[in-house]
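The values are calculated or read from the model by the stated rules, or taken from the named source; none is laboratory data. Everything numeric here is computed off the predicted structure, so don't read it as measured data. Methodologically, a virtual Cβ is constructed for each residue, glycine included, from the backbone with ideal geometry; neighbour enumeration extends over all protein chains shown.
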Amino acid sequence: MKTETRQIQVERWSVTSSRTFDEIVSALDAALGHPDIKKLLPRAEAGSPDEMKAMLEKALGPSGFMEFIRFDPGKIVAKETKGSARVQRFVIGNPLVMKEMVKHVPDAASYAPVTILVAEEANSVRLSYDTMASLLAPYGSAEASEVARNLDKKIESLIIDIAR
């Protein structure tokens, strides 16, 4: 048995918006595809590579991403504090982009799909994202890092568009 520990410094990228929490969540919803992941992935994996690609591309939203799952930790916090903590975690991605990173760095599958965190603050809403390039940097793969930087640009562009 061999154990290994790797130090990873994560870069968190955030945008603060004056739009309401509901407007932000609605805009993000509209930008994403919403397939039934439990049905889509097994069907896509069963086909040829071309069939899989076509099926996955069809499931993407206008942003080029799909929602895998959403968590609402704000409801749990609000239950205990009797307040109104509004926080949602969107786990989104594009399996075809993930595949390109994982081909070079298998550990990339630990970080993709990615999270966009939407958190309501006093008079604003903050959208945050941990950059894939920072997560993959310690692995030293130029190929995976290039895919990660392109992914980061697309996610950051999506967040900026939603925050406007």
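Applying the selection to the range 59-76, what residues are at pLDDT below 95 and either closer than 18 Å to residue 134 by Cβ or within 16 Å of the chain's Cα centre (by Cα) (or both)? So that I can check it myself, show each step before the final result.
If we filter the range 59-76 for residues that are at pLDDT below 95, which is where we start, we get 72-76.
Listed by number, the list holds a single entry, 72.
Looking at residue 12, is it in contact (Cβ under 8 Å) with a residue 60 or more places away in the chain, surrounded by 10 or more Cβ atoms within 10 Å (Cβ to Cβ) and within 16 Å of residue 129 (Cα to Cα)? Steps first, please.
Numbers: in contact (Cβ under 8 Å) with a residue 60 or more places away in the chain: yes; surrounded by 10 or more Cβ atoms within 10 Å (Cβ to Cβ): yes; within 16 Å of residue 129 (Cα to Cα): yes.
Criteria met by residue 12.
Across the range 112-151, which residue is surrounded by the fewest Cβ atoms within 10 Å (Cβ to Cβ) among those that are hydroxyl-bearing (Ser, Thr, Tyr) and in a loop (DSSP other than H, G, I, E, B)? Taking the candidates together, the pick is 124. For the range 90-97, check the following and say yes or no: at least one residue is over 15 Å from the mean Cα position of the chain (by Cα) and either part of a helix (DSSP H, G or I) or modelled with pLDDT of 95 or more (or both). No, there is no match, as no residue in the range 90-97 is over 15 Å from the mean Cα position of the chain (by Cα) and either part of a helix (DSSP H, G or I) or modelled with pLDDT of 95 or more (or both). Within the range 127-138, residues that are touching a residue at least 60 places away in the same chain (Cβ under 8 Å) reach partners that are of a type outside the set (Asp, Glu) and part of a loop (DSSP other than H, G, I, E, B) with beta carbons closer than 6 Å, at six or more positions or on different chains, in the pairs 130/10; 134/10; 135/111; 138/6; 138/8.
Please go through the range 47-68 and pick out each residue that is among the basic types (Lys, Arg) and in contact with a Pro (Cβ under 9 Å, 6 or more places away or on another chain). Spell out how you get there, then give the answer.
Within the range 47-68, the first condition is being among the basic types (Lys, Arg), and the residues that meet it are 53, 58.
Hit for the range 47-68 is 58, nothing else.
In the range 1-26, which residues are basic (Lys, Arg) and at pLDDT below 95? Listed by number, the list holds a single entry, 6.
Across the range 15-28, the qualifying residues are those that are farther than 20 Å from residue 62 by Cβ and over 19 Å from the mean Cα position of the chain (by Cα), and the one among them that is surrounded by the fewest Cβ atoms within 10 Å (Cβ to Cβ) is 18.
Per this entry, residue 44 is not counted among residues that are in contact (Cβ under 8 Å) with a residue 40 or more places away in the chain, closer than 27 Å to residue 139 by Cα and of a type in the set (Gly, Ala, Ser).
I'd like to know if the range 59-68 contains one or more residues that are in contact (Cβ under 8 Å) with a residue 40 or more places away in the chain and of a type in the set (Ser, Thr, Tyr).
Yes, because at least one residue in the range 59-68 is in contact (Cβ under 8 Å) with a residue 40 or more places away in the chain and of a type in the set (Ser, Thr, Tyr).
Filtered by the rule that a residue be crowded, with 17+ Cβ neighbours inside 10 Å and not in a loop (DSSP other than H, G, I, E, B), the range 100-109 gives 100, 101, 102, 108. Summed over the range 29-56, residues that are surrounded by fewer than 18 Cβ atoms within 10 Å (Cβ to Cβ) and in a strand (DSSP E or B) total 0. Residues that are in contact (Cβ under 8 Å) with a residue 40 or more places away in the chain, of a type outside the set (A, V, I, L, M, F, W, C), loosely packed, with under 13 Cβ neighbours inside 10 Å and out of contact with any His (no Cβ under 9 Å at 6 or more places or on another chain) do not occur anywhere in the range 72-94. Just for the range 77-89: of the residues that are over 26 Å from residue 31 (Cα atoms) and hydrophobic (A, V, I, L, M, F, W, C), which one is modelled with the lowest pLDDT? Here the residue is 78.
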